[in-house]
Amino acid sequence: MSSAVKHWKIQRYSAIMNLFIALWLAVSLLCIQGNSYEETIKWLKYPINSILISLFFITSFLHMRLGLQVVIEDYVSKILLRKRLIIGVNSFSWILTIISIIAVLKIVIFN
């Protein structure tokens, strides 16, 4: 399988996963809308909720990275600038993913 086909498939799979996880997240946020801070932390401490929130971050930032890479490849003509922008987007995506998961773990473990 070529790199372009693999990239396309991963982008589509991440979009499908984002759809289902975002629907779950929207319904969950509506259900906990009136909760206090303590009740919201308690909700996040349930393993299924913390796992799905983490998956939401992972798939969202992955999808963002793949989409921005396509835009950069299509519209940036200078090769060196294109490579640097892709490296920057990849790095930024990884940093955001790691920070998000650490935040969820910090809430689950220390609260």
Consider PHE110 against the criteria (1) among the aromatic types (Phe, Trp, Tyr); (2) at pLDDT 95 or above; (3) open to solvent by 40 Å² or more (accessible area, probe 1.4 Å): it satisfies all of them except one. Which criterion is unmet?
(2)
Lone qualifier among HIS63, HIS7 - being within 18 Å of the chain's Cα centre (by Cα) and modelled with pLDDT under 95
HIS7
When only residues in region 12-36 that are among the hydroxyl-bearing types (Ser, Thr, Tyr) and within 26 Å of ILE86 (Cβ to Cβ) count, which is least open to solvent (accessible area, probe 1.4 Å)?
SER14
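Picking from LYS45, LYS9, which residue would you name as being of a type outside the set (Phe, Trp, Tyr), open to solvent by 40 Å² or more (accessible area, probe 1.4 Å) and either touching a residue at least 60 places away in the same chain (Cβ under 8 Å) or touching an Asp or Glu at 6+ places or on another chain (Cβ under 7 Å) (or both)?
Residue meeting the stated conditions: LYS45.
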Flagged in region 68-107 as closer than 30 Å to LYS42 by Cα, of a type outside the set (S, T, N, Q) and open to solvent by less than 40 Å² (accessible area, probe 1.4 Å), in numbering order, are VAL104
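Hey, which of the helices (runs of 4 or more DSSP H) in region 15-111, taking only ones fully inside, have at least 2 residues that are closer than 30 Å to ALA4 by Cβ? Reasoning before the result, please.
Details: elements: 37-45, 47-75, 79-110.
Per the criteria, 47-75, 79-110.
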Please enumerate the residues belonging to region 26-48 that are out of contact with any helix residue (DSSP H, G or I) (no Cβ under 6 Å at 6 or more places or on another chain) and under 23 Å from MET64 (Cβ atoms).
ALA26, VAL27, SER28, LEU29
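The values are calculated or read from the model by the stated rules, or taken from the named source; none is laboratory data. All of these numbers come straight from a predicted model, not from anything done at the bench. Quick reminder, even Gly has a Cβ in these numbers, built from the backbone with ideal geometry, and neighbours come from all protein chains shown. For accessibility, only protein heavy atoms count, side chains too; no ligands or nucleic acids. Shrake-Rupley method; radii C 1.70, N 1.55, O 1.52, S 1.80 Å.
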